[in-house]
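To start, the structure itself, in structure tokens.
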Amino acid sequence: MKKDTSHINSLENEAIYIMREVAAQFENPVLLFSGGKDSITLVRLAVKAFYPAKIPFPLMHIDTGHNFPETIEFRDRLVKELGLELIVRNVQDSIDEGKVKEESGRYASRNMLQTTTLLDAIEEFKFDACIGGARRDEEKARAKERIFSVRDDFGQWDEKNQRPELFDMLNGDIEHGQNVRVFPISNWTELDVWSYIEKENIEIPSIYFAHTRATFLRDGLIWSADDEVVFRDENEEVLERTVRFRTVGDMSCTAAVLSDAADIKTVVQEIRESTISERGARIDDKRSEAAMEKRKQQGYF
Amino acid sequence: MEVLKIATAGSVDDGKSTLIGRILYDTKSLTTDKLEAIEKTSKQRGYDYLDFSLATDGLVAEREQGITIDVAHIYFSTAKKSYIIADTPGHVEYTRNMVTGASTSQASIILIDARKGVIEQTNRHFFINNLLRIKDVVVAINKMDLVDYSEDVYNKIKADFEALMSKRDYQDQKITFIPVSALKGDNVVNKTDKMPWYKGETLLEHLEKIDKADIFNIGTPRFPVQYVIRPKTEEFHDFRGYAGKVYGGNLSVGDDIVVLPSQTKSKIKDIYFYDEKYETASRRSSVTITLEDDINVSRGDMIVKENDLPTIEKQFTANVCWMDSTQLTAGKKYVVQHGINKVLAKVDAIHHKINPDYSGIEEDVNGLGMNDIASVSFKLNKPVFYDAFKNHRTNGSFIIIDSQSNNTVGAGFIQ
């Protein structure tokens, strides 16, 4: 039996429409690229939206310096293969310039620090639209997000005063200095993204598939012990485990899950049967119930 | 798999968020970590039940005040369908939020508190659902547990609502009444034994049976050109593709078409979706079209079939839902965004205000305030290509943008 793909097709058509609105309504858009599955999906959608022309905007990676090496290798290869322009801005530079202070302790992460580097880069390049791979099903505050989400001169999100979005009509009118965050895959679920990756046969970094890794346990989550950026107490025992990552952020805030899913088909099956949400493995969201909302207000993407 | 988009409507405290949380819980759509968070917070607050509204009220202020402030989108699936629920707030900015949520929905759920019955807000919710021509409306009479699951209460509310139905404009709208308790889970996903007098479906059973009533499946093909694709590469040196989304009907290779506003005629040469060519572009697909003739087409133009033109005018009259705290008055200028096309518009006349509680119209109106609905005429600085909303959902609607604040301040449905 042929797989029914009508649902994923309609999401794809919607996302392509949004990509084209961005290219048409803004002078200087950029696609925020983290190397994760959602931003890889965005790149695929952008390629499709403008074929046979090239994607009419660059990619930008806000590099925390704490990325999984597999992600960075993958990023560089993708950009080369597709002939895309990539801008990289480093959180380390913001730290060196004294704009942000590195966190310390066992829960230290550079995730929060990204916001400053991102806002500086938006100002530096005068980007008026930033395309991101956030989805409404990820998190409660994101469920309130618009497809075109206006940010003020300080990059801030005023969640209580959002523009209504009706039908397909996207209003991208902004004042000089403001910018719009655009979320073409707002209506996709985690499972939709994985199904699309499977259907389109999209290549993704190897850490999304099961592999053996030196890990340790903390707060019921599995952490990578390979790298010094992940803080580990002496008494936290390192063990080899077969794991994969469901979401790929900073090494310091992304936990692994036990999994034998070594190919895309079994990954899709695993997601379908999972009883834990995707962000359940993101320690940055567990800081407080409103962690994401607070970060978004400050300009986090 | 089918997708059903549903909007919810109800007044403050009617239990919308609780209902949605209940659906998520009973369909086992809440993941363990989310459920644990709800259990923890419910316990902290000293509740002796699980507060499912915590599953959807995402903003700090919402959780503090126990109300929904902004439209939230919730996703879940059953074996049969994928669902997207737009959870719309019931307080002050209800018209704005409801119109927003309902604009992309195929079905809607109107909640009524069984203790309060049909109140003025109910009239408004129904009016807006009818104005937006939502095909399938469920009237969920909630909190039945607080009225001893009384059949008389249910029948009384049903009769009151039916009185409203006779006044509606869009008579083909299908309406279904279901008595529920979102808190206890009666008739939401699972049948209850508390109301043996009710023989109908549970809420989810009903939703599962709704046909794929495609709300956009009305009218004839309209292809607004979003973006012109000119690769200028060696391989595609002379390629000129028109990217856009097909609305209303299909377009096929060889179709005789007209480009608006120039009224230039041509034929569809190729239809691309990414690197593949197709014979037909179906409704809602984002394709790229090339034409037989080398003519000038740019963003904002519209490609339509030769024998099937929309109205081409520099004015229109529409039912307008006003969503801003500033007043709309005659003579004021705005930007009207019709599809992707932006034009300057001047308010020519406010004909009358429509009372969304079905109490009639008000004439001699000077201005419109937040939540007002009125019949308004606009003069435009250039022609737009439109259909009446009842014939074409996409090509018959527009938004109004305040050029000073850049905010979307209203929505219109062309008459």
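Some notes on this structure:
- Its relative contact order, with pairs defined as Cα atoms under 8 Å and 6+ residues apart, puts chain A at 20 percent.
- Averaged over A:129-135, number of beta-carbon atoms from partner chains that fall within 10 Å: 0
- Projected label points at A:T5 and B:K332, each 7 Å from Cα along the beta carbon direction, are separated by 4.8 nanometres.
- Between B and A, roughly 5500 Å² of accessible area is buried in total, ligands, DNA and RNA not counted and the probe set to 1.4 Å.
- With a 1.4 Å probe rolled over the protein heavy atoms of all chains, the accessible area of B:Y278, A:Y208 falls in the order B:Y278, A:Y208, largest first.
- Rounded percent of accessible protein surface that carbon and sulfur make up, the protein assembly as shown, 1.4 Å probe: 46 percent
- Legend: distances between Cα atoms for B:K81/B:K116; B:K269/B:K382; B:K80/B:K191; A:K80/A:K265; B:K116/B:K158; A:K37/B:K5; pairs beyond 24 Å are B:K81/B:K116; B:K269/B:K382; A:K80/A:K265; A:K37/B:K5.
- For the range A:104-166, the relative contact order is 20 percent, taking Cα pairs closer than 8 Å that sit 6 or more residues apart in sequence and dividing their mean separation by the residue count.
- Spatial separation of Cα centroids for the range A:119-139 and the range B:321-368, in angstrom: 34 Å
- Low-density loop cleavage sites - trypsin sites (Lys or Arg not before Pro) in the range A:154-220, where at most 13 other Cβ are within 10 Å (DSSP): A:K160
- The spacing between the range B:390-415 and the range A:194-213, judged by their C-alpha centroids, is 42 Å.
- Calculated P(r) of the protein assembly as shown - Cα pairs past 39 Å, %: 36 percent
- A dipole drawn for the range B:270-333 from +1 and -1 charges on Cβ atoms has a positive end, and of B:I303, B:L328, B:T317 the residue lying farthest that way is B:L328.
- Complex-versus-alone comparison for the range B:304-346, residues with a loss of 10 Å² or more in accessible area, probe 1.4 Å: B:M323, B:Q337, B:G339, B:I340, B:K342
- Neighbour-limited loop hits for GluC sites (Glu not before Pro), the range A:220-266 (at most 10 other Cβ within 10 Å; DSSP other than H, G, I, E, B): A:E228, A:E234
- The distance separating the Cα centre of the range B:187-266 from that of the range B:7-60 comes to 33 Å.
- When Rg and Dmax are taken over the Cα atoms of chain B, they come to 23.8, 76 Å.
- Loop-resident chymotrypsin sites (Phe, Trp or Tyr not before Pro) (DSSP state other than H, G, I, E or B) in the range B:156-225 with no more than 10 further Cβ atoms inside 10 Å of their Cβ are absent.
- Scanning residues 5 or more positions from A:V88 or on other chains, those with amide H under 5 Å from its amide H are A:H61, with H placed 1.01 Å from N in the peptide plane.
- Coordinate range along principal axes, alpha carbons of the range B:229-292, Å, largest first: 35, 25, 17
- Kirkwood analysis of chain A, using all unique Cα-Cα pairs, places the hydrodynamic radius at 19.9 Å.
- Cβ-based charge dipole, the protein assembly as shown, positive-most Cα from B:T290, A:F33, A:Y51: B:T290
The values are calculated or read from the model by the stated rules, or taken from the named source; none is laboratory data. Note that the coordinates shown come from a computational prediction; the quantities given were computed from them, not determined experimentally. Backbone-built Cβ (ideal geometry, glycine too); neighbour counts: all protein chains shown. Areas reflect the complete protein model, heavy atoms only, side chains present, ligands, DNA and RNA absent. Shrake-Rupley method; radii C 1.70, N 1.55, O 1.52, S 1.80 Å.
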